[in-house]
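*Asks:* Supplied in structure tokens, the structure appears directly below.
The values are calculated or read from the model by the stated rules, or taken from the named source; none is laboratory data. These numbers were taken from a predicted model, which means no experiment stands behind them. Backbone-built Cβ (ideal geometry, glycine too); neighbour counts: all protein chains shown.
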Amino acid sequence: MSAEQLIQYLSWALFLLVCVSVTLQAVRMPRRVTIDIALFFIIPSVIISFGIETVLGVVQPGPLLNSINTVLFLSMAYMLLRLVDDFSDVPAWLMRGATIALMLLAAGAFVQPLPAWLIVLMVIYLIGLLMYSTIAFARESRRSIPVPVVALTDGGVTDENPGSLYICGHAVGQFDSVIRGRDQRPAAG
């Protein structure tokens, strides 16, 4: 086994562990956002499992597997858009259009051989959704506020632990100041 293969297999294993973790979280707290996160990780996990099965000889590569993987890749871009919609406002026309386009492109993925114009449409779909999602994530990250201080403690502020709010609040404030380039520590000497 080469170093490259080892790194690939370790990254697959780590990714699958993350997938199991977020899926369990979605089962414990089934909200739209946790389900969307789980689906976002499940889709590439299925692609990875097909890759592992192909390496092991369980599944033979071919047009059907390629079509399924194509649909899964297109679905990943759609799930990323759904994640953006979970924390910001994605226009309804874009969500509906992306859903309809995904269904049409998914049906087209099973046409063999794939016509060049269909491949171009798939690439435009992927790039368009990825660009929109990237810009929306960047825009929302500038508008977001720091994590609520109480959420940083297991049980929040309790009568037994009233100092946890101050300690966590101070740590968040220092971290936020350093990140934003406004180090509030007194200057040395």
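*Asks:* Just give me the residues in region 36-57 being in a helix (DSSP H, G or I) and more than 16 Å from Ser75 (Cβ to Cβ), in sequence order. Break it down stepwise before answering.
*Replies:* Let us first name the residues in region 36-57 that are in a helix (DSSP H, G or I), namely 36-56.
Answer for region 36-57, where residues must be in a helix (DSSP H, G or I) and more than 16 Å from Ser75 (Cβ to Cβ): Gly51, Ile52, Glu53, Thr54, Val55, Leu56.
*Asks:* Now a separate question. Yes or no: Ser11 touching a residue at least 12 places away in the same chain (Cβ under 8 Å) and assigned to a helix (DSSP H, G or I)? Lay out the reasoning, then the answer.
*Replies:* On the way: touching a residue at least 12 places away in the same chain (Cβ under 8 Å): no; assigned to a helix (DSSP H, G or I): yes.
Against the criterion (touching a residue at least 12 places away in the same chain (Cβ under 8 Å) and assigned to a helix (DSSP H, G or I)), Ser11 does not qualify.
*Asks:* Which residue pairs have Cβ atoms under 8 Å apart, sit 6 or more places apart or on different chains, and have a first residue in region 99-110 that is without any contact (Cβ under 8 Å) to a residue 24 or more places away in the chain and a second that is surrounded by fewer than 18 Cβ atoms within 10 Å (Cβ to Cβ)?
*Replies:* Once the first residue is without any contact (Cβ under 8 Å) to a residue 24 or more places away in the chain and sits in region 99-110, its partners that are surrounded by fewer than 18 Cβ atoms within 10 Å (Cβ to Cβ) give Gly108/Leu114; Gly108/Leu118; Gly108/Leu121.
*Asks:* While we're looking at this one, here's another question. As an exercise: evaluate Ala107 against (1) more than 21 Å from the chain's Cα centre (by Cα); (2) modelled with pLDDT under 95; (3) loosely packed, with under 14 Cβ neighbours inside 10 Å and give the number of the one condition it does not meet.
*Replies:* The one condition Ala107 does not meet is (2).
*Asks:* Please enumerate the residues belonging to region 36-85 that are in contact with a Cys (Cβ under 7 Å, 6 or more places away or on another chain) and hydrophobic (A, V, I, L, M, F, W, C).
*Replies:* Taking region 36-85 first, the residues in contact with a Cys (Cβ under 7 Å, 6 or more places away or on another chain) are 41-42, 45.
Within region 36-85, Phe41, Ile42 meet the criteria.
*Asks:* Check whether at least one residue in region 21-35 is assigned to a helix (DSSP H, G or I) and under 22 Å from Leu126 (Cβ atoms), and report yes or no.
*Replies:* Looking for residues that are assigned to a helix (DSSP H, G or I) and under 22 Å from Leu126 (Cβ atoms), one finds none in region 21-35, hence no.
*Asks:* Run down Ala116, Ala136 and say which single residue is of a type outside the set (Lys, Arg), at pLDDT 90 or above and surrounded by fewer than 11 Cβ atoms within 10 Å (Cβ to Cβ). Give the steps one after another, and end with the answer.
*Replies:* Numbers: Ala136 fails: surrounded by fewer than 11 Cβ atoms within 10 Å (Cβ to Cβ).
Every option except Ala116 fails the conditions.
*Asks:* I've got another one for you. From the list Leu64, Leu126, exactly one residue is surrounded by 10 or more Cβ atoms within 10 Å (Cβ to Cβ) and modelled with pLDDT of 95 or more. Which is it? Outline the logic, then answer.
*Replies:* Values: Leu64 fails: modelled with pLDDT of 95 or more.
Only one candidate qualifies: Leu126.
*Asks:* Kindly provide the set of residues from region 35-81 that are of a type in the set (S, T, N, Q) and under 21 Å from Ser11 (Cβ atoms), ordered by number.
*Replies:* Taking region 35-81 as the starting set, the residues that turn out to be of a type in the set (S, T, N, Q) are 45, 49, 54, 60, 66-67, 69-70, 75.
Across region 35-81, the qualifying residues are Ser45, Ser49, Thr54, Asn69, Ser75.
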